[in-house]
Each structure stands twice: as structure tokens, then as C-alpha cells.
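Below is one structure; the comments refer to it alone.
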Ligand SMILES: [Zn+2]
Ligand SMILES: [Zn+2]
């Protein structure tokens, strides 16, 4: 199969994945809210030997949450702050932020996890109007 590619916002960190995703989840845990700056993370899981960095591995910074979800790791580009793939806590797979992908992973989100922690203002995007571009307050 053609590799699935991804990169950070500034383009310094780039990677390639050579396998199909195992799972695609929205994570509503407090740690993902804080680190993503929004309602939930949207992450894919890929087999542990399927991912390789093609660029910028030396720019990756790892932060370990000690407060909201102790031990929860976050990997991001030191230059632009974008989340980039990280090893799962059990080291058995890669957790890949869906927005970092530059090609279609061929899977759609399957479940919400940590729903118990979801933000009180959450509204599924399907339930609010869609505008082609920006709108102002
Ligand atoms: Zn970057
Ligand atoms: Zn989470």
C-alpha cells in the first residue's frame, strides 16, 4: 500500500506510516482538552512498527502530564507546537493526531472515549451550521 504521510504545522517534523490504522477515537479526557486546546483529541492508533520519522525527529519535545491524567504523554514540534505521533503508554502502538496526516487514513472515527470528562458545552459539529470560510463575532 501507499504510505500514509503526515507532518506538523511548520513542516519541520514529518513521518510516514506503512500500515492501515487499528482504531480512530475521539478522546475527551481533560488532558487531551488542555493539550489540544479544544473539546477533544482525534487520534488514530497504528501498529508499533509501522511508523518512521522522515524529517525533524530532533525537534520533538515530550511533555508528561502530571496533573489531569498523570503519565499521559504529549509529543509536539518544538518549533510550531503542533501535536505529533507518540508511542502509546504500553508502547504497543503509535498514537497519531489525525489532523497531522497529509493523506486519508481510510478510516473514520469509531468512538468517543473518556466521555465522562467531556466539556459541558460540547455540541456535535453536525448539529451546528457549516460555513465555507470564517465568520466574525
Ligand atoms: Zn513544526
Ligand atoms: Zn485523552
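For the pair residue 2 and residue 68, the difference between a 0.36 nm per residue extended length and the Cα-Cα distance amounts to 20.0 nm. In segment 32-137, if every C-alpha pair distance is counted and binned at 10 Å from zero, what percent goes to each bin? Cα pair-distance distribution for segment 32-137, in percent: 11, 40, 34, 14, 1.
I need 60, 17 ordered by Cβ neighbour count within 10 Å, fewest first. Provide the component values of the computation, followed by the final result.
Values: 60 17, 17 23.
Ordered by Cβ neighbours within 10 Å, fewest first: 60, 17.
Read-outs: derived from the displayed coordinates by stated rules, not from any lab. From a predicted model like this one, the values you see are computed outputs, not experimental measurements. Reconstructed Cβ throughout: ideal geometry from the backbone, glycine too, with neighbour counts over all protein chains shown.
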